[in-house]
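Structure first, commentary second.
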Amino acid sequence: NPRGPLYERIGADALARLVDRFYARVAAHPELAPLFPADLALTAEKQLAFLTGFLGGPPLYHERFGNPRLRARHLPFPITPARAQAWLGCMEAALRASPEIDVADANEMLAALARVAVHMVNTPAETP
Ligand code: HEM
C-alpha cells in the first residue's frame with residue numbers, strides 16, 4: 001500500500017482504544033455476548049496483538065501465542081452469517097466512535113476484516 005501500513009496510520013494507542021470500544025459492544029450484543037467469556041480482558045489482549053500484525057505492525061500474536069489458525073480457533077463457537085454481520089457491526093460502530101481514526105482508514109480496515117469474517121462462518125443461518 002503506497003500510503004503505508006494501516007497500523008502506522010492508525011497508531012498503537014488508537015488501535016488499543018478501538019479494541020476496548022469493540023468488546024464493550026460485543027459484551028452488550030445479545031447474539032454475540034453468550035459466545036464470549038464474562039471477562040474479556042484476555043480476549044481483548046489477544047485481539048489487539050492479532051490486529052497489530054494483521055494491519056501491518058509487528059507480529060505480536062504470532063510471537064506470544066503462535067499461529068492464529070483463526071478458522072480452527074473459532075470452530076467451537078456457532079458462528080452464523082448473522083453473527084458474522086453482528087461482529088462486523090460492532091467493529092463498524094467502534095470505528096465510528098473513534099474520532100482519532102481517519103474515515104478512509106476505518107473503511108479500509110472494515111473491508112479487510114469483512115473478508116476474514118466470512119471465513120469464520122461455520123454454522124448455517126437459522127431457519128424459522
Ligand atoms: C477469539 C467470536 C470474527 C479474531 C474469539 C472467541 C470468540 C470469537 C467467541 C473466543 C474468545 C475467548 O475465548 O477468548 C467471533 C465471532 C466472529 C469472529 C462471532 C464473527 C465473524 C473474528 C475475526 C477475527 C477474529 C474476523 C480477526 C480478524 C479473533 C482472535 C481471537 C478470537 C485473534 C483470539 C484467539 C485466541 O484465543 O488466541 N472470537 N470472532 N475473530 N477471535 Fe473471533
Failed criterion for residue 47 (all others in (1) farther than 17 Å from residue 17 by Cα; (2) in contact (Cβ under 8 Å) with a residue 24 or more places away in the chain; (3) not basic (Lys, Arg) hold): (1)
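Considering 71, 83, which residue is surrounded by 13 or more Cβ atoms within 10 Å (Cβ to Cβ), within 15 Å of residue 50 (Cα to Cα) and either among the aliphatic types (A, V, I, L, M) or in contact (Cβ under 8 Å) with a residue 24 or more places away in the chain (or both)?
Details: 83 fails: within 15 Å of residue 50 (Cα to Cα).
Going through 71, 83 in turn, the sole match is 71.
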For region 9-31, state whether one or more residues are at pLDDT 95 or above, within 9 Å of the ligand (Cβ to nearest atom) and not aliphatic (A, V, I, L, M). yes
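Pull up region 56-65, narrow it to residues that are within 10 Å of the ligand (Cβ to nearest atom) and either touching a residue at least 24 places away in the same chain (Cβ under 8 Å) or farther than 26 Å from residue 1 by Cα (or both), then point me to the one that is surrounded by the fewest Cβ atoms within 10 Å (Cβ to Cβ).
Keep residues of region 56-65 that are within 10 Å of the ligand (Cβ to nearest atom), which gives 61, 64-65.
Remaining after also requiring either touching a residue at least 24 places away in the same chain (Cβ under 8 Å) or farther than 26 Å from residue 1 by Cα (or both): 64-65.
Details: 64: 11, 65: 13.
It comes out as 64.
For the condition within 14 Å of residue 18 (Cα to Cα), modelled with pLDDT of 95 or more and either more than 10 Å from the ligand (Cβ to nearest atom) or loosely packed, with under 13 Cβ neighbours inside 10 Å (or both), what is the one hit in 96, 115?
Numbers: 115 fails: within 14 Å of residue 18 (Cα to Cα).
When all the criteria are applied, what remains is 96.
Name the residues in region 103-128 that are free of Cβ contacts under 8 Å to residues at least 24 places away in the same chain and of a type in the set (Ser, Thr, Tyr), would you? First the steps, then the outcome.
Step one: filter region 103-128 for residues free of Cβ contacts under 8 Å to residues at least 24 places away in the same chain, giving 103-104, 106-107, 110-111, 115, 127-128.
The one that is free of Cβ contacts under 8 Å to residues at least 24 places away in the same chain and of a type in the set (Ser, Thr, Tyr): 127.
The values are calculated or read from the model by the stated rules, or taken from the named source; none is laboratory data. Please read these numbers as outputs of a predicted model, since none were measured by experiment. In this analysis, Cβ positions are derived from the backbone assuming ideal geometry, glycine residues included, and neighbour counts consider all displayed protein chains.
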